[in-house]
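Contents: one structure, followed by commentary.
Just so you know, all these numbers are worked out from the coordinates, no wet-lab data involved. Keep in mind it's a predicted model, so treat the numbers as computed, not measured. Reconstructed Cβ throughout: ideal geometry from the backbone, glycine too, with neighbour counts over all protein chains shown.
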Amino acid sequence: MNKTLIICTAYILTLIILIVIFILKNSKQNKKIEESITKLEREKNLIINAPILNELSKVEALVRDDKLRYKYDGWQRKFDDIRNNYMPEITDMLLQADSYAEEKKYKELRKLLADIELKIYKSKEKTDKLLSEIKEITLSEEKNRNQIVKLKNEYRNIKHEYEKNKDEYKNVNSQIELQFENIEKRFQEFEIVMEKKDYDEINYLVKGISEMIDHIKYVVKEVPTILIMCNELIPSKISDISNIYIKMTRDLYQLDYLNVEYNIKETEKKIKDILDRVKVLNLEDVTFELKTIINYYDSLYNDFEYEKSCKNTFESNIKSFKSKLIRTNKIISNLMGQLGDLKTTYDLSDDDIKRLNIVNEETRKIKDSYNNLMDCYKNHTFSYSKLVKELDFLMIKVSKLEETLNYDLKTIGSMKDDEIRAREQLDNIKGLLKKAKGRIRLYNIPVLPDNYFVELQDASDAIKEIQKELNRKPINIETLNIRVDTARDLVFKVFNTTNGLLKTIVMLEETMVYGNRYRSYKEQVNDGLNLAEKLFYKGEYKKALEITMNAIDYVEPGIHNKIMNAYNQN
């Protein structure tokens, strides 16, 4: 029973809380909607405000002619349209919004509030534009009067600056003073138009005065500098450049590419034109043109210095180039002169011969270019800057030829070195083989092994092959080097075989002599030595040595290992 009561109580409390939350939420939403509508109502009321009516009444009092009357009537019609058409429509929309709020049609209300806000914005935009147009007339007199006061102050400052430095304007004084008079006349016209209340004319006149003052201000500021550049600075530079140009041409510098004489004439024409424009106070682009002229003449100083520098560079580098060319030409001439013998002596590849012919032809072309360059230098056909560029180009070409020639010289030199080395090694190999044969003959060897004669024959044949390659014309260096390497290996093999054979025989003889002391002492020793002697005369020296050491080992255990260790160490 108590449990049921608790559940019912909790359910009722929850329901009450939900209802309270709903009521509070709904109340908050209604309050927010009311605030939005109130805000829009307030903004609507601000659209038709007192300033427009006040400004329109000011314009009405200023009407003196049909032109202003026409404007006034137009503004009045626009204002009436806003007041009589736009405002009632917005009012009706606000009333509809109140109705939707009471009926809780929130979806329709949100859309309507957005439309009202847009309508108010457009209406406000129209009234602001209308008020701005009206104020152009109502504030025109005060605004233009203030602007004219500022322009008069600026005008007086400009004129004072001119009067203070009047001598700097020379032949332009009358034109500047005439412009001052024109500005003063415009100030007088302004007062007359102000009396007539012709506000359109006033605005046009104030704008014209402002532009005239800006122009005369620029004229007063720039003319002294322009006159100095035209009458002093540029003529001075022209004179200086002309003197340098004349002196350098007398010193046989080729400077035609700079077009100095033509550009001086053109500069003088341009200066005359600028002075004519300055006289009528037309300064458009004048400063830019003068600075361009000055920069050109400044650049000529650099061009002249560069030509002087190029002359020194050319005269210095031409000596170095000539030495390179002579050296290259001498080398290629020698090679081409020996080419027939080289082709006969060595098996040169087609690429080697082709490369030499190309180098020879390129060297000839460079010689021709060098001769032409020297003719231009002696006849002063080209400027030194161009001569230096041409010489640099030839220097690069001859340097590349030097690299190619160095490779060819190394290749041919290597062939000669390989031939000389092959002949020297042939003598050494023959000497080594002769030494091996001599050592064999020195010992009374009963029988030589068959493999020794094979090795000896192979070595002799390899030596003959070297001789054949050396006698063949042209010599194939690659084949020759292979023959030398092969012969050397075979002769060394014979020499090593000879040394090994003699070493074995000497060891055998010494071991047999050592073992003779035990013949009578031990029968096995005597039998072993007898067998070893038979093998010795058959040429089986290693086997005989082994049997001799085994026989001695019967009476002197371990002798076998001692003899073999001594044999291996030697």
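What the Cβ-Cβ distance of K291 and F187 gives, at R0 = 41 Å and to the nearest 0.05, is a FRET efficiency of 0.70.
Sorting Y121, Y162 on the 10 Å Cβ count, fewest up front, what's the list?
Details: Y121 11, Y162 21.
Neighbour counts put them in this order, fewest first: Y121, Y162.
The lysine pair count for the range 481-561, using Cα distances under 17 Å and pairs eight or more places apart or on different chains, is 5.
Using the structure shown, list the pairs from K221/K247; K237/K308; K164/K291; K247/K270 with a Cα-Cα distance above 31 Å, or answer none.
Details: K221/K247 39 Å; K237/K308 19 Å; K164/K291 27 Å; K247/K270 26 Å.
Violating the 31 Å limit, Cα to Cα: K221/K247.
For the range 85-103, the residues whose amide N sits under 17 Å from a probe point set 7 Å from the Cα of K32 along the beta carbon direction are 101-102.
What is the distance, in nm, between label points placed 7 Å from the Cα along the Cα-to-Cβ direction at N259 and at N317? Taking the two extended label points, one gets 2.6 nm.
Can you work out the FRET efficiency for the pair I358 and D489, with r the C-beta to C-beta distance and R0 = 51 Å, to the nearest 0.05?
Working: r = 40 Å, r/R0 = 0.79.
Efficiency at R0 = 51 Å is approximately 0.80.
Taken one residue at a time, the phi angles of the range 213-219 give Karplus couplings (6.51, -1.76, 1.60, θ = phi - 60°) of 5, 4, 5, 5, 5, 5, 4 Hz. Gly and Pro are set to x.
Taken along the Cα-to-beta-carbon direction at a fixed 7 Å, the label points for K522 and N406 span 7.5 nm.
I'd like the FRET efficiency for V280 and I246, computed as 1/(1 + (r/R0)^6) with the beta carbon distance as r and R0 of 45 Å, rounded to 0.05.
Working: r = 36 Å, r/R0 = 0.81.
Computed FRET efficiency for V280 and I246: 0.80.
Counted residue by residue at 0.36 nm each, then reduced by the alpha carbon distance between them, the extension gain from M374 to K217 reaches 50.5 nm.
Under the 0.36 nm per residue contour assumption, what length would be gained going from the current alpha-carbon distance of K107 and N302 to full extension? Show your work: numbers first, answer last.
Numbers: separation 195, 0.36 × 195 = 70.20 nm, distance 8.25 nm.
This chain segment gains 61.9 nm when fully extended.
Only one residue of A551, G539, N526 has its Cα farthest out toward the positive end of the dipole of the range 443-569, where Lys and Arg carry +1 and Asp and Glu -1 on Cβ, and that residue is G539.
Normalised by the empirical 2.2 N^0.38 Å for globular proteins, what value does the Cα Rg of the range 140-284 take?
Working: Rg = 22.5 Å, N = 145, 2.2 N^0.38 = 14.6 Å.
Output field value: 1.54.
Pairs to check: K78/K104; K265/K367; K170/K269; K265/K378. Give those whose C-alpha atoms are more than 32 Å from each other in this structure. Pairs exceeding 32 Å: K78/K104; K265/K367. Near E509: Cβ cut-off under 13 Å, other residues only, Lys/Arg at +1 and Asp/Glu at -1. The net charge is -1.
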